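The next block holds one structure in the form of structure tokens; read it before the comments.
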Amino acid sequence: MSDSFKNVFAQGVAAFEQGNYDEAAAFLKEAKSMNTDDSRVFRVLGNCLRLLGKVDEAISVYREGLQIKYDLNTHQRLINTLNYSDEPPSLVALEHKKWAEAYTNHYVLKYKLSLKPRSKHLKIRIGYVSPDFNAHPVAYFLLPIIQNHNKDIFEIFCYANINQEDGVTHQFKLAADRWIDIRHMSTVQLFDQIQQDAIDILIDVAGLTSGNRLDVFALRAAPVQVTYLGYPGTTGLKTMDYRLVDSISDPQNVSDEWHSEKLYRLPDCFLCFRLPPENLKINDAPCQSKSFVTFGTFNKISKITDRTIALWVQILQAVPDSKFVLKGRGFEKKVEQNRIKKRFASAGLEQIDRLVLYGFSPKRSEHLLLYNELDIALDTFPYNGTTTTMQAIFMGVPVIALDGKSHVARVSQSILSAIGANELVAMDEEDYFLKAVHLANDKERIAHYKKELRSMLEDSPIRNEMNFIANLEEAYRRMLREKQLRIW
């Protein structure tokens, strides 16, 4: 390995870590031309291109790297990035299964662990494994579940792989019967802990996101293993028995073949959402007092693809004087502001001052109140919003969403259907364009949504925590029955 390669690669990594992705990509492409044997170059360059919104190019780089030298981490980056692409769900699923086979073989051959006879216990023991038992978007959905389980029948274990505890962590700790800090546990230690706890159903709440502990799931740490909530697709693991979804996020006889898991479809929506405790006021729609309509999205930057921007620019061009608000972590930086402006300009937006950018808000109330600046939210595609869709509705902002094929592209449709707002779901990009433009020209309808959406959410199955928990617990019982395990 030459010194010149080391120097160029180091400069690329340094630029990447500072968020200067354009500069980093240039260095890393040069490093790649100098040395095609170092898998790190492909992984970091792929990460960089994905964050630049160049999804297809990132996928190509990851695949090129994997052909030269197989690496589990690079493969995982590839399948994560495929969620942002337009590749067919069948091919995305196949790539997940290929990764899972390599991942499982690695752990099975290394550890050769197996289930042991379990101690007898009176209640059904449920173990939730998550890196997000804190102020993370997942907590909006997970906390009401942990807090509302029927403790006469179920015993709840939380296996926490979190780096930073906060007030939300404290709420999880109070709700759980057992709290186990697994940050520093090895694969064998965590496997043995779960065995010792005699868990009946082990729930993965991370999927292939950062901080997951799929290692113990690959080794079959519990008789029933389920993935839920934290990841928008299959884990690919043959040892993962079930995935919790609904009939809209994953239509019957359509999504099943794209999963290694058996799909268990919950009634209504697969999500249960805890409203923010703050009593936040919904203001009148901005267009009521201004001479223009304001569109926007609060989805993270990585979900904003060039294809999405192209359609948004068409909408802005069709609605004179309209503005577009973008809010996300990173937009507080000048380099990220310039980058997104350049991408919109490349898509044909001539008046860049029509973009309004907001960065990260440390306080949730500040973040939510900024929705008062929007008349209409435009969802990202193919990777939909989840928390952002819920938050927009909570603040009275209608969300235009695009109907997709796989789970990742159907979450907003599931949410909108559950609250009775199917009219906001577009069947294709032309329909998305028309729905956005027609709504922008109907201020009365925008005002109606401002007044009604929060109530529609509150009255929906998404907010009926006790009914959701009853359905979830029945799902757990059925899983045990299907596995022919003792029913308590």
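The values are calculated or read from the model by the stated rules, or taken from the named source; none is laboratory data. As the structure is a prediction and not an experimental result, all values here were calculated from the model. Every residue, glycine as well, gets a Cβ built from its backbone with ideal geometry; the counts of neighbours run over all protein chains shown.
Modelled with pLDDT of 95 or more and crowded, with 16+ Cβ neighbours inside 10 Å: does that describe LYS443? Spell out how you get there, then give the answer.
Working: modelled with pLDDT of 95 or more: yes; crowded, with 16+ Cβ neighbours inside 10 Å: no.
When the stated conditions are applied, LYS443 does not pass them.
Specify the residue that is farthest from the chain's Cα centre (by Cα); the eligible residues are those in the range 231-254 that are among the polar types (S, T, N, Q) and within 17 Å of LEU266 (Cα to Cα).
Here the residue is ASN253.
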Conditions (1) under 24 Å from ASN464 (Cβ atoms); (2) crowded, with 17+ Cβ neighbours inside 10 Å; (3) hydrophobic (A, V, I, L, M, F, W, C) -> ILE162 fails only (1)
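From the list LEU434, LEU369, LEU416, LEU424, exactly one residue is over 27 Å from LEU142 (Cβ atoms) and of a type outside the set (Lys, Arg). Which is it? Spell out how you get there, then give the answer.
On the way: LEU369 fails: over 27 Å from LEU142 (Cβ atoms); LEU416 fails: over 27 Å from LEU142 (Cβ atoms); LEU424 fails: over 27 Å from LEU142 (Cβ atoms).
Criteria check complete, one pass: LEU434.
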Would you mention how many residues in the range 389-419 are of a type outside the set (A, V, I, L, M, F, W, C), farther than 22 Å from LEU244 by Cα and without any contact (Cβ under 8 Å) to a residue 60 or more places away in the chain?
1
Residue by residue through the range 192-220, note down the ones that are farther than 24 Å from ARG481 by Cα and over 26 Å from the mean Cα position of the chain (by Cα).
ASP192, GLN193
Every residue in the range 364-415 that is over 15 Å from LEU271 (Cα atoms) and of a type in the set (S, T, N, Q), please.
SER365, ASN372, THR380, SER406
Residue that is surrounded by the fewest Cβ atoms within 10 Å (Cβ to Cβ) [pool: residues in the range 292-310 that are within 22 Å of the chain's Cα centre (by Cα) and among the aliphatic types (A, V, I, L, M)]:
ILE301
Would you be able to tell me the number of residues in the range 457-482 that are surrounded by 15 or more Cβ atoms within 10 Å (Cβ to Cβ), in a loop (DSSP other than H, G, I, E, B) and either of a type outside the set (Ser, Thr, Tyr) or in contact with a His (Cβ under 7 Å, 6 or more places away or on another chain) (or both)?
1
When (1) crowded, with 19+ Cβ neighbours inside 10 Å; (2) assigned by TED's automatic domain parsing to the domain that holds ILE446; (3) of a type outside the set (Asp, Glu) are applied to GLY233, the one that fails is (2)
Among the residues of the range 65-93, how many are surrounded by fewer than 16 Cβ atoms within 10 Å (Cβ to Cβ) and either in a helix (DSSP H, G or I) or aliphatic (A, V, I, L, M) (or both)?
6
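Filtering the range 94-112 down to residues that are basic (Lys, Arg) and assigned to a helix (DSSP H, G or I), which residue is nearest to the chain's Cα centre (by Cα)?
LYS97
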